[in-house]
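The values are calculated or read from the model by the stated rules, or taken from the named source; none is laboratory data. Note that the structure is predicted; figures quoted are calculated from it, not measured. We place every Cβ from the backbone using ideal geometry, glycine too, and count neighbours over all the protein chains shown. Calculation scope for accessible area: heavy atoms of the full protein, side chains included, ligands and nucleic acids excluded. Shrake-Rupley method; radii C 1.70, N 1.55, O 1.52, S 1.80 Å.
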Amino acid sequence: MEAIFNRNKEEHPEPIKAEVQGMNTGMLLLFSGQLPTWLQGVLLRNGPGMHTIGDTKYNHWFDGLALLHSFTFKNGEVYYRSKYLRSDTYNCNIEANRIVVSEFGTMAYPDPCKNIFAKAFSYLSHTIPEFTDNCLINIMKTGDDYYATSETNFIRKIDPQTLETLEKVDYSKYVAVNLATSHPHYDSAGNILNMGTSIVDKGRTKYVLFKIPSSVPEKEKKKSCFKHLEVVCSIPSRSLLQPSYYHSFGITENYIVFIEQPFKLDIVKLATAYIRGVNWASCLSFHKEDKVFYLMLSNGTWFHFVERKTKKELSTKFYTDALVLYHHINAYEEDGHVVFDIVAYRDNSLYDMFYLKKLDKDFEENNKLTSIPTCKRFVVPLQYDK
């Protein structure tokens, strides 16, 4: 569908009527005011859009098939367009007319009509799962290219004008990561800085900070910028089989800020989730008892700082009590300190709120957050008395 929102040029404008073309929705959107003429360009957004396929339904709101949105601002008007991301996941599900690719909160199982050998193969292939390419969280810009992203090792290139789905990129072909954040940062040169988790690679589990260049040398124009991906630094996980979950990280002029929280992904549970009949989300757990009282303890919430110039982690360890974090707000340096703001929770009840069975008319009564979001500011001295 495509909607056109026209500005009203009167001094005291009436609400602007927005007509949705191509759909018999009976919906009328009302806006007041007008758009400034200097506002020009395209805003791309992403999110879950389809939760029912045939007779099957996803369990969680965050599992829905990705729906791309574009808002084109031009000469005081805004044009809307949306299109489903034609990922491999989307195509397989639509062709089968049922959910056949697992998502984080929904485990898909073989067709009951399959024979015992096909079922056995399905169980074995999920021991080390190949994650979905249903990239439904964010849009990332690399040079002149745009990619839909999620938290797996897959991203999908898209056409920003038509929203057509283009090639699929697998991070793991360029850097040893199984998961990656959907919220990268950009440096002053337009390079992308992102983080991913490398699970038990050569006997180690680590968090990998990597850089994707904004451009490639002229003589290698035909090559992908991902072939020039550079590992900036790696941080060993404090637990081999229970690395920290993270959705974002912070960046200042001189430092990368990474928070290793006691909200952890259990690798053994992940590898056995399919055969146990549970989803991957159940493999995440918050270790609220992991409070730090002594420096020798390995639990609690740990702050890691990587110096961008030297590409090395600061040797000094900073820590606080257990918390759950999804989003960083801001990070900067002031008077010899790194200052960073985060939205923190006392537990992981936020994710559980969005299971579709809870999103009903009694939502407010049945979903009392046991931990409300709290804005926390941490101020860490770069020069200190050891």
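Of note:
- Restricted to the stretch 163-258, the set of strands (runs of 3 or more DSSP E) holding at least 1 residues that are open to solvent by 40 Å² or more (accessible area, probe 1.4 Å) and modelled with pLDDT of 95 or more comprises 165-170, 204-212, 230-236.
- Taken over the stretch 163-182, residues that are in contact (Cβ under 8 Å) with a residue 60 or more places away in the chain and out of contact with any Asp or Glu (no Cβ under 9 Å at 6 or more places or on another chain) amount to 2.
- For the stretch 354-382, taking the residues that are open to solvent by 40 Å² or more (accessible area, probe 1.4 Å) and among the β-branched types (V, I, T), the one that is nearest to H185 (Cα to Cα) is identified as V379.
- Cβ-Cβ contacts under 6 Å between residues 6 or more apart (or on different chains), taken from a first residue in the stretch 275-288 that is among the aromatic types (F, W, Y) to a second residue that is not in a loop (DSSP other than H, G, I, E, B), are listed as W280/A273; F286/F263; F286/V324.
- Search result, residues across the stretch 340-386 that are in contact (Cβ under 8 Å) with a residue 60 or more places away in the chain, among the aromatic types (F, W, Y) and part of a strand (DSSP E or B): F340, Y355, F378
- Residue that is at pLDDT below 90 and either open to solvent by 30 Å² or more (accessible area, probe 1.4 Å) or of a type in the set (D, E, K, R) (or both), where the choices are Y351, Y319, Y332: Y351
- Residues of the stretch 354-378 satisfying the condition of being within 22 Å of P48 (Cα to Cα) and in contact with a helix residue (DSSP H, G or I) (Cβ under 8 Å, 6 or more places away or on another chain): F354, Y355, L356, K358, L359, D360, N367
- Scope the stretch 259-300; condition open to solvent by 10 Å² or more (accessible area, probe 1.4 Å), assigned to a loop (DSSP other than H, G, I, E, B), modelled with pLDDT of 85 or more and not small (G, A, S); matching residues: D266, V278, N279, H287
- Per-region count, the stretch 189-224, residues under 21 Å from the mean Cα position of the chain (by Cα) and either within 18 Å of A331 (Cβ to Cβ) or not aromatic (F, W, Y) (or both): 19
- Leading residue by the ranking (farthest from F73 (Cα to Cα)) among those in the stretch 144-162 that are open to solvent by 20 Å² or more (accessible area, probe 1.4 Å) and part of a loop (DSSP other than H, G, I, E, B): E151
- Residue count for the stretch 79-96 under the criterion of being surrounded by fewer than 20 Cβ atoms within 10 Å (Cβ to Cβ) and either in contact (Cβ under 8 Å) with a residue 24 or more places away in the chain or among the aliphatic types (A, V, I, L, M) (or both): the result is 10.
- Only listed residue being over 19 Å from the mean Cα position of the chain (by Cα) and of a type in the set (F, W, Y), chosen from Y255, Y186, Y171, Y245: Y255
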